[in-house]
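The values are calculated or read from the model by the stated rules, or taken from the named source; none is laboratory data. All values derive from a computational prediction rather than experimental measurement. Positions of Cβ are generated from backbone atoms using ideal geometry, with glycine treated the same way; all protein chains shown enter the neighbour counts.
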Amino acid sequence: MKAWKPALAAVIAALLVFFVPLPYFISYPGDATSTEDLIDVSGGDKEPGDLMMLTIAQRRATPYFLVESLFLPFSETSSVSDYLYDGESDAQYETRQKLYMEEAQHNATIEAYELADKKVDIDFKGVYVSGVIPGGPAEGKLKAGDRITGVDGKSITSFDGFMKTIQSKKAKTAVPIQFTRKSEVKKTTIRVDQLSKEVKRVGLGIYEPLPISNVTTDPAIKFQIEDVGGPSAGMMFTLEIYDQLTPGDLAKGHKIAGTGTIEEGGKVGPIGGAWQKVVAADEAEAEIMFVPAGENYKEAKPSIKKLGTNMKLVPIKTVEDAIDYLKELPAK
């Protein structure tokens, strides 16, 4: 009668080892994906050269995966608090990552169309609340997932306008806020305040507000991206869209990988895991990898040496730096 107990104990132990989540995330090199497979500009040309976005993979740690990561080169274990804001659920984190990706697509589209002198229009929808700072002005007023649509009784028409309006207030000023929560329009009043002694400007006390907007273009553009989040593909999206909008092969027949956010004015911003993305680029046989200048470039260089690869690492500050580099690159 008791023979089943050891077997049951073994099953329970296995379930605990493989499936019980720990308060850590494990990241490791992901993939290099051709951006022309993800983006289609109406009437655009797709050339032999290959522009590739890079990813890192990550998973919630379990006892098994935590031990396994100790033996995997180029893996990294981080606390959940490095990923999730206070009070943010895993589902809300995934939503935030999807919004990052949408923002990367929108920013890339705007920058590429402007560089190619093509028509692009922006319809601003509001500001996404990623999380609420504990003890901050918005605590008990807003929640992660809310979308702010109005300030001072007026609709907000741009992210920049929203930030300037809030930061122009004096500390302790009561500011009427209109927002949407699960499709329901709500109103509240928040007394803006300094968020720290070091930072004099005031704020609502929310983590990383994100713009939500619709972008329409002529010619039309379509993204076909699934199961990828974050903003780090923005720069490579910009290159791909620009390549399809303009004559010739921007990559000149070469395999070009890269990473970096795209910001207003074409600035390329820093990303996470640059040292791990070198592995993905090398495994895809990229000849050149663009990386944000500064800390990302510094952290990526040792991976080049460790792999012993001939791939060239090129630091850039703007997307135009990358375009200029490729224009000077000899055709293959």
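Restricted to strands (runs of 3 or more DSSP E) entirely inside the stretch 188-261, those with at least 1 residues that are closer than 20 Å to GLY161 by Cβ and of a type in the set (A, V, I, L, M) are 210-218.
Applying the criterion of being surrounded by 18 or more Cβ atoms within 10 Å (Cβ to Cβ), free of Cβ contacts under 8 Å to residues at least 60 places away in the same chain and in contact with a Leu (Cβ under 7 Å, 6 or more places away or on another chain) to the residues of the stretch 290-332, the residue that is nearest to ALA233 (Cα to Cα) is VAL291. Scan the stretch 168-201 residue by residue and report those that are among the β-branched types (Val, Ile, Thr) and over 21 Å from ARG147 (Cβ atoms). Once the filter is applied, which keeps residues that are among the β-branched types (Val, Ile, Thr) and over 21 Å from ARG147 (Cβ atoms), the stretch 168-201 yields THR173, VAL199. The listed residues are ILE177, ILE166, and the only one of them that is in contact (Cβ under 8 Å) with a residue 24 or more places away in the chain and part of a strand (DSSP E or B) turns out to be ILE177. In this entry, TYR64 is excluded by the filter for residues that are assigned by TED's automatic domain parsing to the domain that holds GLY234 and aromatic (Phe, Trp, Tyr).
When PRO176 is tested against (1) in contact with a Lys or Arg (Cβ under 8 Å, 6 or more places away or on another chain); (2) under 23 Å from PRO231 (Cβ atoms), only condition (2) is not met. Note on the stretch 94-146: residues that are closer than 20 Å to ILE262 by Cα, among the acidic types (Asp, Glu) and either assigned to a loop (DSSP other than H, G, I, E, B) or under 16 Å from the mean Cα position of the chain (by Cα) (or both) total 3.
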